[in-house]
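Each remark here refers to the structure printed beneath this line.
The values are calculated or read from the model by the stated rules, or taken from the named source; none is laboratory data. Because the structure is predicted, anything quoted here is derived from the model rather than measured. In this analysis, Cβ positions are derived from the backbone assuming ideal geometry, glycine residues included, and neighbour counts consider all displayed protein chains.
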Amino acid sequence: MLSTSLLLSIMLILAVGKVLGIVAERVGLPSLVGELMTGIILGPMVLGIIQPAAAGTEDPLRFLADLGIIFMMFLMGLSIDIESVFKTSARSATSITLLGAAIVFALSTLIMVGVGLALGQSIYFSAIQGLIIGIGLTSTSTVIGFRYLTDIGDRFSNVFKTLVAVEVTDGIFSIMALAVLISVVGIISAASPGSSFDTNGFMSEIGWSTFKLFLLILGFIIFVVKFGGVVTDTLLGISRKSGSDQSIITLSLIVLFAVATMSDWLGLTYVIGAFLAGAILAGSQYSSTIIEPRIKAVGYGLFIPIFFAYTGITMDFRALLQGPWLVLSGTSIGVPVYLLLFLGLLATVMGGKYIGTIAGCSLSGGYKSNEPRRIGFSLMCAGEDALVIGGIGTSVVLNGSPLVTPELLSVIGLVVIVSSLIAPVFIKRSYEDESYSSPIAPRTKASLGGKPKGRVKGL
């Protein structure tokens with residue numbers, strides 16, 4: 001039910017978020033940093049104007065934030081042109097994504113296990129906790145890299161093309177890994193409390209579940225490449241006959257919530273369904289001209305800013321210093337555990353993605369001397385998907401406890417913010433080279449006065 005306090009909260013979030021988002025963009029940062037700061041300022045950490053609802057009670061603001069997650073994942077799916085990527089930079093993008101993700105995923109899990117044991121948690125719970133945090137941190141934000149390359153007129157180099165491809169492969173990897181993890185958590189949760197743990201049976205079930213998910217996603221990719229555009233164009237073409245763009249948007253939203261519902265029913269969560277729905281519609285001829293602009297207007301105009309602001313509201317960076325302290329052996333010197341966790345994860349994300357990029361570019365080949373460095377620095381930012389996956393983790397309960405606590409969500413948010421502040425410095429320095437000059441746009445039929453082949457998908 002709507003209330004005065006809820007309406008006031010929405011108004012403040014949108015107004016303050018817009019101002020801080022513009023400020024963030026003016027200084028070269030993603031607008032999500034300003035939206036996160038909106039929640040931190042309006043929330044209990046600073047002004048205390050907006051308070052999250054108590055555990056176990058309905059929170060309409062949280063409901064709107066969850067819709068923000070759905071729209072974000074839907075837009076991520078809409079931005080993916082699987083066929084185009086597979087024809088161009090598939091090898092290099094896949095190498096960069098897999099190597100960087102493997103480093104970040106493995107080290108983040110190990111760090112989280114160590115911190116979990118220091119906090120008195122079981123090794124199994126800490127490992128699952130580390131897995132979901134590791135999956136979230138494998139996400140990469142390419143916004144800063146894209147913006148810098150656009151500012152210097154570099155939209156045709158190997159660096160730019162690789163960033164576009166990595167954005168796609170990175171999203172696919174995160175979704176697959178999240179689907180497998182949720183399946184694992186479901187199997188563990190279904191086990192009877194106090195029963196003996198059958199390791200062989202557990203691993204067999206996990207292997208079978210993973211194999212089924214792999215077949216499902218592989219089949220989906222084949223469907224999208226071969227038939228997705230035809231099916232969606234047929235449906236949307238029928239809707240188009242009404243003479244109004246509204247019918248196309250309505251049908252797109254029906255597809256979104258239908259696939260999200262089916263995905264949730266199959267145990268893959270509505271988030272994965274929202275991503276798949278977007279990827280299906282990405283093959284439509286109406287995707288870039290009607291669907292994506294209208295959905296962006298709704299998503300980024302209302303629900304997505306509320307999600308990031310709500311995430312900021314639930315954060316409490318004071319927990320980094322107020323949590324448990326680790327006392328060094330033989331001394332009286334203590335260090336906050338959550339502060340150590342933040343520093344470890346920040347170094348893992350930025351260092352792991354850079355090393356993975358250098359190794360991936362070396363493995364795939366075809367890059368000039370400075371290009372791998374520029375790509376690596378452009379991929380050092382933790383992406384907003386880390387907050388989305390962290391938000392999902394707050395609602396996933398294992399043995400009566402959420403996988404992601406408010407303290408852990410605060411750590412993830414701080415990693416996203418700090419990496420977004422540091423990465424632009426490295427990107428700029430990598431281009432301060434006297435031999436660098438912006439590449440010239442390739443001559444195409446369109447530039448010569450002819451008709452372009454196909455549709456160019458925007459970012």
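Quick notes
- Scope the range 13-32; condition more than 18 Å from Q51 (Cβ to Cβ) and crowded, with 19+ Cβ neighbours inside 10 Å; matching residues: L20, G21, A24, L29, P30, S31, L32
- Scan of the range 33-70 for residues that are in a helix (DSSP H, G or I) and surrounded by fewer than 16 Cβ atoms within 10 Å (Cβ to Cβ), ordered by number: P60, F63
- Condition check for M76: under 26 Å from L251 (Cα atoms), surrounded by 20 or more Cβ atoms within 10 Å (Cβ to Cβ), modelled with pLDDT under 85 and touching a Gly at 6+ places or on another chain (Cβ under 6 Å): yes
- Residue check for T314: touching a residue at least 24 places away in the same chain (Cβ under 8 Å), among the polar types (S, T, N, Q), under 30 Å from A15 (Cβ atoms) and touching a Leu at 6+ places or on another chain (Cβ under 7 Å): yes
- Test for I10: is it more than 21 Å from V388 (Cα to Cα), in contact with a helix residue (DSSP H, G or I) (Cβ under 9 Å, 6 or more places away or on another chain) and surrounded by fewer than 20 Cβ atoms within 10 Å (Cβ to Cβ): no
- Against the numbered list (1) of a type in the set (S, T, Y); (2) modelled with pLDDT of 75 or more; (3) not in a helix (DSSP H, G or I), S242 comes up short only at (2).
- Those helices (runs of 4 or more DSSP H) of the range 115-193 in which at least 1 residues are in contact with a strand residue (DSSP E or B) (Cβ under 8 Å, 6 or more places away or on another chain) and modelled with pLDDT under 70, considering only elements entirely within it, cover 158-190.
- Within the range 416-441, considering residues that are within 22 Å of the chain's Cα centre (by Cα) and hydroxyl-bearing (S, T, Y), the one modelled with the highest pLDDT: S419
- Among the conditions (1) out of contact with any Cys (no Cβ under 9 Å at 6 or more places or on another chain); (2) more than 14 Å from M315 (Cα to Cα); (3) surrounded by fewer than 23 Cβ atoms within 10 Å (Cβ to Cβ), V404 misses just one, which is (2).
- Candidate set: the range 53-65, residues that are touching a residue at least 12 places away in the same chain (Cβ under 8 Å) and under 23 Å from the mean Cα position of the chain (by Cα); chosen: the one nearest to A309 (Cα to Cα): A65
- Check on G356, closer than 30 Å to L99 by Cα and in a loop (DSSP other than H, G, I, E, B): no
- Options I422, I389; residue that is buried (at least 24 other Cβ atoms within 10 Å of the Cβ) and aliphatic (A, V, I, L, M): I389
- Considering the range 24-39, and only residues there that are out of contact with any Leu (no Cβ under 8 Å at 6 or more places or on another chain) and more than 18 Å from I13 (Cβ to Cβ), the residue that is modelled with the highest pLDDT turns out to be R26.
- Hits in the range 8-33 (condition: in contact (Cβ under 8 Å) with a residue 24 or more places away in the chain and either more than 22 Å from A423 (Cβ to Cβ) or of a type in the set (G, A, S) (or both)): S9, I10, L12, I13, L14, V16, G17, K18, G21, G28
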